[in-house]
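None of the figures in this text is laboratory data; all of them are computed from the coordinates on show. Predicted, not measured: the structure shown is a model, and the values here were computed from it. Here the Cβ positions follow ideal geometry from the backbone for every residue, glycine too, while neighbour counts run over all protein chains shown.
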Amino acid sequence: MKPVDPGDNCIERLVKNCIEAGLLKPEKAQITALRGDASDRGFYRIRQHSAHFIGLISPRKEAVGLDENDSYFFIGRHLGKRRLPVPQILWADLKRGHFLLDDLGDYHLQSHVKRGCTDVGHLYRHAVRLLVRLHREAPRGFQAAFCFDTDRYTPPFVYHRELEYFRKSFLNNFFGMDIGAEDLRSDFENIAEQAGIHGQSQVMHRDFQSRNLMVHRQDLWILDFQGMRFGPPAYDLAALLLDPYVALPTSLQNRLLDYYWTGAGKFLRCSYHQFCASYEVVRLCRNLQILGAYGFLGITRGKREFLQYIPTAWQELCRWLKGPCRRRYPKLERTVAQAQRKFCVTSGRQIVIRGLHLMG
């Protein structure tokens, strides 16, 4: 964290507007820039004596129509009305993309685990209970009009935004392979059709993982909900359990899946068998999506800190294709096996990929 230059017009304007709205006092505030993650948005801690808030600067990308800022506001307000633990939006200027939020601290689920949590299973059962609560409450009154980036997790969305993302950003840009669009099309079409939805019943967060769950006041709070849409709830469970930031043991993942169903099976409109079938395919989609994201962020965007999580995500992909998805997607299996032989050397827990010494 570092102090902000007083000449930073955006954050200074946000503070001035909040003073005019009576949310801050008309006196000097201490402003500190917070380190972001994959987002281009700017986060700042604003302190005045014992009071502290988070200032969010998110420049509007769409001059006309719905923008990410609109979704953040509408969905955040909706989740708050459903009494779900999200940061309260105290003030917002959607046109400029300026927000004043509750300060939930700096301690997310990943940091809690990495700092020596003695009972990870207990902590993750808490996270799963929160997910069950989200899936039960969020669909009530959720509207397609809230969503800036399509309102449903449809087969075309899966195909282009997750599967093709993996092919382009990971296989080709990261590994340096030459995999054409037609090489995996038939498998990708099958996966997309099996994973995507056509109706509007359940709602998914789409990035429910350890860095989007804050530990605050002995509770868990949900962040980055602006990408919510109608979709399969199994995707969020897969995102939480697969999460390479924490790398949960397989045995714990299996127990947590059953723990989720114990709560969610009471209201989900499917059988346990149907839910597990959905979980198997959307977990594969999530696995491919995060590898695409790490490849894009680490290579294209130069955020090399994300590269360290590739070995864990890659090992999970290989395990899933050899296990629950064995022989279902032969072209994808062959491509992954080819990449494994050509680019990966495994020795114990250490993997070398493209000359990058990364810990698995």
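The loop-placed trypsin sites (Lys or Arg not before Pro) in segment 251-292, going by DSSP, that have at most 12 neighbouring Cβ atoms within 10 Å of their Cβ come out as Lys266, Arg269. Annotation for segment 85-117 versus segment 227-264: alpha-carbon center distance of 22 Å.
Between the Cα long axis of helix 310-322 and the first principal axis of the chain there is an angle of about 40°, rounded to the nearest 10. In a DSSP loop and with at most 10 other Cβ atoms within 10 Å, the trypsin sites (Lys or Arg not before Pro) in segment 24-61 are Lys28, Arg35. Summarising the label geometry, the points placed 7 Å from Cα in the beta-carbon direction at Ser201 and Glu189 lie 2.6 nm from one another. Computed extension gain for Arg35 through Ser111, at 0.36 nm per residue and net of the alpha carbon distance, reaches 26.0 nm. Around the Cα centre of the chain, unit charges on the Cβ atoms of Lys, Arg, Asp and Glu (plus for the first two, minus for the last two) sum to a dipole of about 700 debye. Projecting the Cα positions of Gly22, Ile89, Ser111 onto the charge dipole of the chain (unit charges on Cβ atoms of Lys, Arg, Asp and Glu, taken about the Cα centre) puts Ser111 furthest along the positive direction.
Each Lys and Arg Cβ is given +1 and each Asp and Glu Cβ -1; about its Cα centre, segment 2-102 then shows a dipole of about 320 debye.
Relative to the first principal axis of the alpha-carbon coordinates of the chain, what is the inclination of helix 9-20, with its axis defined by its Cα atoms, in degrees from 0 to 90 and to the nearest 10? Around 50 degrees separate the two axes.
What's the longest bit of the chain with no exposed GluC sites (Glu not before Pro), using DSSP loop states and at most 12 other Cβ atoms within 10 Å as the test? In the chain, the maximal stretch lacking such sites is 183-360.
With everything on Cα atoms, drop me the angle between helix 250-264 and the longest principal axis of the chain, reported from 0 to 90° to the nearest 10. It is inclined by approximately 60 degrees.
Karplus-based coupling profile of segment 102-112, in residue order and whole Hz: 4, 9, 9, x, 10, 10, 9, 4, 4, 5, 5, with θ = phi - 60° in 6.51 cos²θ - 1.76 cosθ + 1.60 and x standing for Gly or Pro.
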